[in-house]
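Accompanying notes for the structure given below.
Nothing in this text is a laboratory measurement; each read-out follows from the coordinates by a stated rule. Computed from a predicted structure; not experimentally measured.
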Amino acid sequence: MKVFLVASALLGVGTIAGAQTNHAGHMNGMDHVMESPSPLSADTVLTEPGQGAFAALSEVVGVLEADPETDWSRVDLDGLRAHLVDMDRVVLKAHVETTQLTEGISALATGDPDTLASLRRMVPAHAAQLAMDHQWRVETADHSDGVELKVTSSDPQVAARIKGLGFFGLMATQDHHREHHLMMARGENAHAH
């Protein structure tokens with residue numbers, strides 16, 4: 001049985017390696033020609049076109065190109081990219097000190113100058129979105145060394161949820177990011193929704 005599993009694993013790795021894209025051709029016209037036939041069926045569709053920010057931009061470009069009403073004179077993909085860089089810095093580079101409160105948390109997010117600038121753009125804007133949910137109270141404060149996010153609730157179950165989410169979970173809470181990104185790309189006021 002072990003020999004069968006090892007052989008299957010090796011065959012699977014060989015198949016995957018054989019299906020990889022030939023990136024040597026990128027210098028000559030950026031062609032994405034496959035070296036060998038793909039073991040995937042013809043109806044298989046990949047859903048991830050690469051790194052997260054690239055994937056988000058790619059998805060937005062696809063939506064804009066498919067929409068005959070797109071006003072290309074207003075499209076701002078550079079602005080969306082800058083926002084995605086901010087998101088990346090906040091998630092990957094911010095240092096957060098969280099204080100547990102009876103009714104929730106207070107989190108002070110700090111970082112290098114670029115990360116601090118991203119926090120100053122992201123935290124207040126997202127706090128305004130969080131505040132639309134009346135199950136909790138949301139406050140932000142700008143300090144010389146960081147940005148504070150305080151979220152509390154008198155409901156013990158909601159307070160427990162706040163503590164469980166923590167700073168990063170609260171920053172990711174509410175499913176408005178995709179709509180927000182599309183509005184930014186279209187050159188619309190993304191914070192008006």
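Side notes on the structure shown:
- Amide H contacts of Gly187: Asp76, each under 5 Å away and 5 or more positions distant or on a separate chain (H built 1.01 Å from N in the peptide plane; Pro and chain starts excluded).
- Cα extents for the range 65-185 along the principal axes, largest to smallest and rounded to whole angstrom: 51, 32, 19.
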